[in-house]
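One structure below.
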Amino acid sequence: MKEIQSNISIVGGGLIGAVSAYALSMLGNNVIILEKKPKFDSKIFLDKRTTAISEGTKKFLEEINIWKEIRHHAEPIKKIQIIDRNQSNKIYFDNQRRKSNLGYIVKNQFILDSIYKKIKKKENIKIFNNVSIKDISYDGERIITKQNNFLVNTNILLASDGKNSFIRKILKTPVYTKDYKKKAIVINFYHSKNHHNTAYEFFFKNGPLAILPMQKNKNEFQSSIVWTNTNEFINSLESLDDNKIISILNRKINGSIGKIKKIITKQTFPLRAHLNSKFFENRIIYLGDSAHSFHPIAGQGWNLGMQDLESLYNLVKKYNSLGLELGDELFCKEFQRDNFFKAYRLYQITDKVDSIFKFENIYFSNARFSAINLIEKSKKLKNQISDFAMGLS
Ligand SMILES: Cc1cc2nc3c(=O)[nH]c(=O)nc-3n(C[C@H](O)[C@H](O)[C@H](O)COP(=O)(O)OP(=O)(O)OC[C@H]3O[C@@H](n4cnc5c(N)ncnc54)[C@H](O)[C@@H]3O)c2cc1C
């Protein structure tokens, strides 16, 4: 059977795997991507979501020379309003202090297209589509994957095959999973008033509803809603015609961006979070959603995956400069040490924020009212929260 040599092989060429391939190839590594989808084309990925890119992620994308392609499609977030149920109880964030944006909204399709264009031009990246991994074995310091009709022999394997990671299943890495028994519906739409680069997050009993400002399209104001609710509610919402959905949404968003005029796309996602008990196995690193996934309440899943990647990038740089082989036990443990706690912290924060907002009783409502007031009045707390959301702390 044909055997291909590389020093890094990546299983899964989605939002994390594709950027990883590009970033690590820039350090002079030979990279192989093994992707189960038939083609590297964002249309095949059928992802109609947008991603809120944090300032921290943007900085890393600048460093690896990808931001300049994505930036043309990115709408800056200059202000954020967090609203508990009704308009009287809210927190405003802006970023006068750092004189930078709070984040950027980009369609996932544009992120993927920008990266795919770049990786297709790199001579030290080989892409294999339609791949189905059959087996993983070891030969001394090398790891060998068997797929379709060829073998890949490599120093280190990055599992970036998403939240249902096949690699995690075959290696039986223990994982903690939480099923929220809810869904998120993502709706992109045109509306009547300028969003003025403001993102809104309304907290309701059954989950948050976020409005994210998108770039204008054909002179029409455009935004995206991510609404979490019970499975039953989202299923029944999905079954309605667009005019009925628009009238429900118009009541919910309370005129903040005028009236919704037309729905462009809608897509639903089941809500589950998970955390692997560890982020490595022998010569294997779990990266992005294969290691962790979160409630999308804070729009941080990919951003955290990008922080994992930045730390891996720096580790590979260090090993390459010292002439050391990638992927030994020390390497994997250093990656785990630098990244596990951050994921655990984000899991706890997103999970707890979701539960704090769901209670309706008078004690919780009053406590929330006081907490929101306290944060709104405290510059220090606001700065700490915005630094965290921007991926700068
Ligand atoms: C509703 C919603 C909104 C979100 N909004 C945000 C946001 O605003 N900001 C943010 O930072 N994050 C957000 N996230 C999280 C973000 O979408 C994910 O963290 C991100 O997509 C993870 O990328 P990934 O590459 O790790 O996984 P994926 O995108 O799932 O990619 C996995 C890849 O692996 C491939 N694959 C799977 N199995 C195999 C196999 N056996 N062999 C080979 N290939 C395989 C798949 O085909 C795919 O290409 C959101 C999530 C949801 C659900």
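Quick check, is Phe110 within 16 Å of the ligand (Cβ to nearest atom), modelled with pLDDT under 95 and either over 23 Å from Gln5 (Cβ atoms) or of a type in the set (Val, Ile, Thr) (or both)?
yes
Pick from region 276-300 the residues that are of a type outside the set (Val, Ile, Thr) and more than 13 Å from the ligand (Cβ to nearest atom): which of them is surrounded by the fewest Cβ atoms within 10 Å (Cβ to Cβ)?
Ser277
Quickly run through region 335-388 and pick out the residues that are acidic (Asp, Glu) and within 22 Å of the chain's Cα centre (by Cα).
The answer is Asp338, Asp351, Asp354, Asp387.
In region 16-39, how many residues are within 19 Å of the chain's Cα centre (by Cα), within 9 Å of the ligand (Cβ to nearest atom) and not charged (D, E, K, R)?
Of the residues in region 16-39, 5 are within 19 Å of the chain's Cα centre (by Cα), within 9 Å of the ligand (Cβ to nearest atom) and not charged (D, E, K, R).
Taking region 204-216 as the search range and keeping residues that are of a type outside the set (A, V, I, L, M) and crowded, with 22+ Cβ neighbours inside 10 Å, which one is farthest from Lys107 (Cα to Cα)?
Filtering first and then ranking leaves Gly207.
Please determine whether any residue of region 81-101 is closer than 26 Å to Ile297 by Cβ and modelled with pLDDT of 95 or more.
No, there is no match, as no residue in region 81-101 is closer than 26 Å to Ile297 by Cβ and modelled with pLDDT of 95 or more.
Just checking: which of the strands (runs of 3 or more DSSP E) contained wholly in region 123-236 hold 2 or more residues that are over 30 Å from Lys333 (Cβ atoms)?
175-191, 198-204, 207-217, 220-230
Only one residue in Leu209, Leu324, Leu237 is in contact with a helix residue (DSSP H, G or I) (Cβ under 7 Å, 6 or more places away or on another chain), modelled with pLDDT under 95 and farther than 19 Å from Ile16 by Cα, so which one is that?
Only one candidate passes the filter, namely Leu209.
When you scan region 301-310, do you find a residue that is exposed (fewer than 13 other Cβ atoms within 10 Å of the Cβ), within 16 Å of the ligand (Cβ to nearest atom) and either in a helix (DSSP H, G or I) or in contact (Cβ under 8 Å) with a residue 24 or more places away in the chain (or both), even just one?
The answer is no; no qualifying residue exists.
If I ask for residues that are in contact (Cβ under 8 Å) with a residue 40 or more places away in the chain and of a type in the set (A, V, I, L, M), which ones from region 215-245 would you list?
Across region 215-245, the qualifying residues are Ile225, Val226, Ile234, Leu237, Ile245.
Tell me the residue from Lys380, Lys358, Lys333 that is touching a Lys or Arg at 6+ places or on another chain (Cβ under 6 Å) and either over 22 Å from Phe60 (Cβ atoms) or of a type outside the set (A, V, I, L, M, F, W, C) (or both), please.
Going through Lys380, Lys358, Lys333 in turn, the sole match is Lys358.
Residues in region 50-60 that are surrounded by fewer than 22 Cβ atoms within 10 Å (Cβ to Cβ) and within 7 Å of the ligand (Cβ to nearest atom): how many?
Summing the residues that are surrounded by fewer than 22 Cβ atoms within 10 Å (Cβ to Cβ) and within 7 Å of the ligand (Cβ to nearest atom) in region 50-60 gives 0.
Which members of region 110-154 meet the condition of being touching a residue at least 12 places away in the same chain (Cβ under 8 Å), surrounded by fewer than 11 Cβ atoms within 10 Å (Cβ to Cβ) and within 27 Å of Lys68 (Cα to Cα)?
Matches in region 110-154: Lys120 only.
State which residue pairs qualify: first residue surrounded by fewer than 17 Cβ atoms within 10 Å (Cβ to Cβ) and inside region 169-187, second residue in a strand (DSSP E or B) and among the β-branched types (Val, Ile, Thr) in any location, beta carbons under 9 Å apart, and separation of 6 or more residues or different chains.
Ile170/Ile133; Ile170/Ile136; Leu171/Ile136; Leu171/Ile284; Lys181/Thr230
Identify the single condition in (1) within 30 Å of Leu209 (Cβ to Cβ); (2) surrounded by fewer than 18 Cβ atoms within 10 Å (Cβ to Cβ); (3) at pLDDT 95 or above that Trp67 does not satisfy, given that it satisfies every other one.
For Trp67, the failing item is (2).
Taking the condition of being in contact with a Ser or Thr (Cβ under 7 Å, 6 or more places away or on another chain) and more than 10 Å from the ligand (Cβ to nearest atom), how many residues in region 152-167 meet it?
Going through region 152-167 one residue at a time, the tally reaches 4.
The values are calculated or read from the model by the stated rules, or taken from the named source; none is laboratory data. Note that the structure is a prediction, hence the values are computed from the model and not measured. Cβ atoms come from the backbone with ideal geometry, glycine included; neighbour counts cover every protein chain shown.
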